[in-house]
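Peer 1: One structure coming up, written as structure tokens, with questions to follow.
None of the figures in this text is laboratory data; all of them are computed from the coordinates on show. Owing to the predicted nature of the structure, the values given are computational and were not obtained by experimental measurement. Note that we place each Cβ from the backbone using ideal geometry, even for glycine, and neighbour counts take in every protein chain shown.
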Amino acid sequence: MFQPRFSRRLLGALAATGLVAALAACATEDPAATPSPSSAAAAYPVTVGSVTLPAQPVKIVSLSPTATEMLFAIGAGGQVTAVDDQSTFPADAPKTDLSGFQPNAEAIAAKNPDLVVLSGDANNVVAQLTTLKIPVFLAPAAVTLDDSYAQINDLGKLTGHADQAAALAKQMKDDIAKLVKDLPQRGKPLTYYYELDPTLYSVTSKTFIGSLFTLAGLTNIADASDTKNTGYPQLTAESLIKANPDLIFLADTKCCAQNADSVKARAGWQSITAVTKNQVVALDDDIASRWGPRVVDLIRAITQATSTIPAA
């Protein structure tokens, strides 16, 4: 595992646990609303994996930014009483100083939750919360889109919003399928470089993020640099310039203030096709690092950038 900015803030969640408008369901959920089960919700008790809930949870603590987005998107926002310090969306989620990277069982228990959602078991927190008889649902970083859909549906079942969850997953699938279908047909795939931070850490096609670009028919120049098979290689400027990608996607616009101008100012980068043809795409860091409902927005950004380039 590497140690650039992305790993410190996000990759730990992605690997050990964990891209411009959101789906309407995400943006309109009222966190103060009274929770109401969906008509297809199973009668409680409900069991999903190793978690059994005797009744619909009304005090949910989410220590995963992606899970927070999922919960609000399926209509369970009114049941969420606390989220971690990295849960930035939706803006009205009940953000606290709780950490998902270094979770503290006592601090979590102090919120009196009847369900805790985590993306990983840092600090052996699951066992600690289990000892306190607090139900814990682990929603680790997705490897495929199907993993994302499964987590949404699982959270729907646990929270009493199975119908909304199923509808959201279907809408995501339909939206993604249309975005990909509408892409122009090319005799030769476009190449791209996806930047995690200015030290040139990237992702390969084997990662969740990389798979989205593959879905859009793009070829990843970082694959050849992953000699350690981590999925997150650090490229050299020389190899990147030589690879000459058609597109550059920046997932470090918030953290590291990167943009088309800063990329163009880098030594030797003026000769890269993506730079000379103004095909540098600035992404929202958060959208570009989560596997929830806004993954549709990442794929939309990818397909829109791709569609602007004439097919050969």
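Peer 1: Report, in deg cm²/dmol and to the nearest 500, the calculated mean residue ellipticity at 222 nm for the chain, where each DSSP H run with n ≥ 4 adds -39500 (n - 2.57) and the sum is divided by the residue count.
Peer 2: It comes out at -9500 deg cm²/dmol, rounded to the nearest 500.
Peer 1: Let me know the whole percent of all Cα-Cα pairs from the chain that are separated by more than 37 Å.
Peer 2: That tail contains 19 percent of the Cα-Cα pairs.
Peer 1: Further question on the same structure: Can you return the aspartates and glutamates within cross-link range of K242? Criterion is Cα-Cα under 17 Å, with same-chain partners fewer than 8 residues away left out.
Peer 2: Those aspartates and glutamates meeting the cut-off are E195, D223, D226.
Peer 1: Continuing with the same structure: For the chain, with the dipole built from +1 on Lys and Arg beta-carbon atoms and -1 on Asp and Glu ones, taken about the Cα centre, which of A110, L129, A91 lies farthest toward the positive end?
Peer 2: Of the candidates, A91 comes out farthest on the positive side.
Peer 1: Can I ask one more? Antiparallel versus total DSSP beta bridges in the chain: what percent is that, nearest 5?
Peer 2: Here the antiparallel bridges make up roughly 15 percent for the chain.
Peer 1: Show me, for the stretch 203-214, the HN-Hα J-couplings you get by feeding each phi into the Karplus relation (A = 6.51, B = -1.76, C = 1.60, θ = phi - 60°), rounded to Hz, glycine and proline as x.
Peer 2: Running phi through 6.51 cos²θ - 1.76 cosθ + 1.60 with θ = phi - 60° gives 10, 9, 5, 7, 7, 4, 4, x, 5, 5, 5, 4 Hz.
Peer 1: While we're on this one: Go through the stretch 269-275 residue by residue and turn each phi into a ³J(HN,Hα) via Karplus (6.51, -1.76, 1.60, θ = phi - 60°); whole Hz please, and just put x for glycine and proline.
Peer 2: Coupling constants for the stretch 269-275: 6, 5, 8, 6, 3, 4, 7 Hz.
Peer 1: In 5 Å bins starting at 0, how do the alpha-carbon pair distances of the stretch 82-221 split up by percent?
Peer 2: Once binned at 5 Å, the Cα pair distances of the stretch 82-221 give 2, 8, 13, 15, 17, 16, 12, 9, 5, 2, 1, 0.
Peer 1: Report the antiparallel proportion of the DSSP beta bridges in the stretch 20-177 as a percent, rounded to a multiple of 5. Please list the in-between numbers first.
Peer 2: On the way: 3 of 13 bridges.
Counting only bridges with both partners in the stretch 20-177, antiparallel ones make up about 25 percent.
Peer 1: Say a paramagnetic label sat at a point 7 Å from the Cα of S262, along Cα to Cβ; which residues of the stretch 284-310 have their backbone N under 14 Å from it?
Peer 2: Label zone hits: 284-286.
Peer 1: Could you please rank L215, L298, L158, placing first whichever residue has the fewest other Cβ atoms within 10 Å of its Cβ?
Peer 2: In order of increasing Cβ crowding within 10 Å: L215, L298, L158.
Peer 1: Nearest 20 debye, what's the magnitude of the dipole of the chain about its Cα centre given +1 on Lys and Arg Cβ and -1 on Asp and Glu Cβ?
Peer 2: The dipole of the chain has a size of about 580 debye.
Peer 1: Tell me the label-point distance for the pair A311, A110, using the 7 Å Cα-to-Cβ offset, in nm and rounded to one decimal.
Peer 2: For the pair A311/A110, the computed spacing is 5.9 nm.
Peer 1: What size of dipole, in debye to the nearest 20, comes out for the stretch 184-307 about its Cα centre when the only charges are +1 on Lys and Arg C-beta atoms and -1 on Asp and Glu C-beta atoms?
Peer 2: Details: 12 positive and 12 negative charges, 65 e Å.
Result for the stretch 184-307 is approximately 320 debye, rounded to the nearest 20.
Peer 1: Got a sec? Which residues in the stretch 194-232 would a label at T273 touch, if it sits 7 Å along Cα→Cβ and we count backbone N under 13 Å?
Peer 2: Flagged as within label range: 218-221.
Peer 1: While we're here: When a footprinting reagent is the concern and you count Cβ atoms within 10 Å, what order do M172, M70 take, fewest first? Let's see the in-between values first.
Peer 2: Numbers: M172 22, M70 30.
Ranking M172, M70 by Cβ neighbours within 10 Å, fewest first, gives M172, M70.
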